[in-house]
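A short worksheet on the structure shown next.
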């Protein structure tokens, strides 16, 4: 049996085993009714709506609303409200903005924090990059060490603020919060400390806090230790797991208590892309490694998440070395056994989820920081130059449509109710047929 056959056989066996358990983000409700987190209510970038227009002109742009100042947070949607965050360039004023889904009118423009001191940020980041999460009655906004807050969506009042959780975020924050039952789960990972925390969503009080182990981070340079990922929550054999890939390690935690379930010691510097899953298999990108010749690369891993303790040597199905990326800025989308992504060196590719083999790749001319989305047989890609391209999902590269927006797209859109809610550098758009 050759290596390719062995890998495929292993994948099939694992897929058969996982028929006995479910795996997926534990968020409530249809992803077409509401879009409650970064990359959707299921945190997977798969939209359930059907009728998104392929050709954009004035007839399909339902409204266009200017969003003041600067922010890369993605829109979240609940009922008739859309929420984003934004901030002054110097970080001294931090806002949450609510927009009416039907009309595009601004409902609330709330100054949430006005810190006396702010952390430094990377030139490609903002002070309002983490995406809010939302549920009936409340939206939760997060700005890293600046603070986290809960806002009543019925009247725009601030219910609580939490400002005690800190780390030296040398590039500013990017990890988005996640709702789990009565908790808001947050990541703080930088040069000084690295931990995951859970707040009581009713009052902002700390429920649990779990530090990353120090030993895996010792070989990394100081500025390689931060991570900017958003976790996912899966269920394996009836057990919920919080999956969180830091720069040096990927761990599964009990999301209710913060207790570690398993770990994979295979990471590298400055991890950004969030993990993703399909058919009982878990995937994630490491940060960048440095080869003997000094060139940087990343690894994409596929693992069986059914385990306990250190599963590095037992549960890795395959590992793909990607020399076209010195880090992975966006989070890939996976659909029907195919992984779609764009590397930081501008290579768009489709990867076989069973084997890690590249199916097709194309060099592109723009950078892609917003994550791709799947909708109705198409994969949508968005560039920092404002280009929007839809490809037909599948094993063949086929462009379906191309559109150009007014300015760059850094935030991942929301797709629901036959509409795409898209944030460019200056505006929020609703694009749709209805």
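The values are calculated or read from the model by the stated rules, or taken from the named source; none is laboratory data. Since we're looking at a predicted model, the values are computed, not measured. Ideal geometry is used to build each Cβ from the backbone, glycine not excepted, and the neighbour counts take in all protein chains shown.
Considering only residues in region 60-83 that are over 24 Å from residue 127 (Cα atoms) and either touching a strand residue (DSSP E or B) at 6+ places or on another chain (Cβ under 8 Å) or at pLDDT below 95 (or both), the one that is surrounded by the most Cβ atoms within 10 Å (Cβ to Cβ) turns out to be 60.
Kindly indicate whether residue 356 is surrounded by fewer than 24 Cβ atoms within 10 Å (Cβ to Cβ), part of a loop (DSSP other than H, G, I, E, B) and in contact with a helix residue (DSSP H, G or I) (Cβ under 8 Å, 6 or more places away or on another chain).
Details: surrounded by fewer than 24 Cβ atoms within 10 Å (Cβ to Cβ): yes; part of a loop (DSSP other than H, G, I, E, B): yes; in contact with a helix residue (DSSP H, G or I) (Cβ under 8 Å, 6 or more places away or on another chain): yes.
Yes; evaluated as a whole, the condition is true for this residue.
Checked across region 233-252, the condition of being crowded, with 19+ Cβ neighbours inside 10 Å, modelled with pLDDT of 95 or more, farther than 19 Å from residue 311 by Cα and in contact with a strand residue (DSSP E or B) (Cβ under 9 Å, 6 or more places away or on another chain) holds for no residue.
Within region 158-172, which residues are in contact with a strand residue (DSSP E or B) (Cβ under 7 Å, 6 or more places away or on another chain) and either under 20 Å from residue 227 (Cα atoms) or part of a loop (DSSP other than H, G, I, E, B) (or both)? Spell out the reasoning first.
To start, the set of residues in region 158-172 that are in contact with a strand residue (DSSP E or B) (Cβ under 7 Å, 6 or more places away or on another chain) comprises 158-162, 165, 167.
Matches in region 158-172: 165, 167.
Within region 135-148, is even one residue free of Cβ contacts under 8 Å to residues at least 24 places away in the same chain, farther than 26 Å from residue 81 by Cα and surrounded by fewer than 24 Cβ atoms within 10 Å (Cβ to Cβ)? Quick ask: steps written out before the conclusion?
Of the residues in region 135-148, the ones free of Cβ contacts under 8 Å to residues at least 24 places away in the same chain are 137.
Next, only the ones that are farther than 26 Å from residue 81 by Cα stay: none.
No, because not a single residue in region 135-148 is free of Cβ contacts under 8 Å to residues at least 24 places away in the same chain, farther than 26 Å from residue 81 by Cα and surrounded by fewer than 24 Cβ atoms within 10 Å (Cβ to Cβ).
Scanning region 89-104 for residues that are surrounded by 13 or more Cβ atoms within 10 Å (Cβ to Cβ) and either over 16 Å from residue 146 (Cα atoms) or under 23 Å from the mean Cα position of the chain (by Cα) (or both) yields 91, 94, 95, 96, 97, 98, 99, 100, 101, 103, 104.
Within region 385-398, the residues that satisfy the criterion of being touching a strand residue (DSSP E or B) at 6+ places or on another chain (Cβ under 6 Å) and surrounded by fewer than 17 Cβ atoms within 10 Å (Cβ to Cβ) are 392, 395, 397, 398. Cβ-Cβ distances below 8 Å connect no pair with a first residue in region 331-349 that is at positive phi and in a strand (DSSP E or B), a second residue that is at pLDDT 95 or above and crowded, with 24+ Cβ neighbours inside 10 Å, and a separation of six or more residues or different chains.
With the condition being free of Cβ contacts under 8 Å to residues at least 60 places away in the same chain, I'd like the strands (runs of 3 or more DSSP E) fully within region 367-434 carrying at least 2 qualifying residues.
Details: elements: 373-375, 378-382, 387-392, 399-404, 414-416, 419-423, 427-432.
Strands (runs of 3 or more DSSP E) meeting the threshold: 378-382, 387-392, 399-404.
Considered as a group, the residues in region 132-154 that are in a strand (DSSP E or B) and closer than 19 Å to residue 229 by Cβ include one that is nearest to the chain's Cα centre (by Cα), and that residue is 133.
Looking across region 253-263, the residues that are part of a strand (DSSP E or B) and surrounded by fewer than 24 Cβ atoms within 10 Å (Cβ to Cβ) come down to 260, 261, 262, 263. Under the condition of being touching a strand residue (DSSP E or B) at 6+ places or on another chain (Cβ under 8 Å) and not in a strand (DSSP E or B), the residues counted in region 309-330 number 10.
Restricting attention to region 266-283 and to residues that are closer than 19 Å to residue 191 by Cα and touching a helix residue (DSSP H, G or I) at 6+ places or on another chain (Cβ under 6 Å), the residue that is surrounded by the most Cβ atoms within 10 Å (Cβ to Cβ) turns out to be 269.
Residues that are farther than 16 Å from residue 229 by Cβ, surrounded by fewer than 23 Cβ atoms within 10 Å (Cβ to Cβ), within 20 Å of the chain's Cα centre (by Cα) and in contact (Cβ under 8 Å) with a residue 12 or more places away in the chain do not occur anywhere in region 309-317.
Is it true that residue 115 is under 24 Å from residue 200 (Cβ atoms) and either modelled with pLDDT under 95 or surrounded by fewer than 24 Cβ atoms within 10 Å (Cβ to Cβ) (or both)? Quick ask: steps written out before the conclusion?
Values: under 24 Å from residue 200 (Cβ atoms): yes; either modelled with pLDDT under 95 or surrounded by fewer than 24 Cβ atoms within 10 Å (Cβ to Cβ) (or both): yes.
When the stated conditions are applied, residue 115 passes them.
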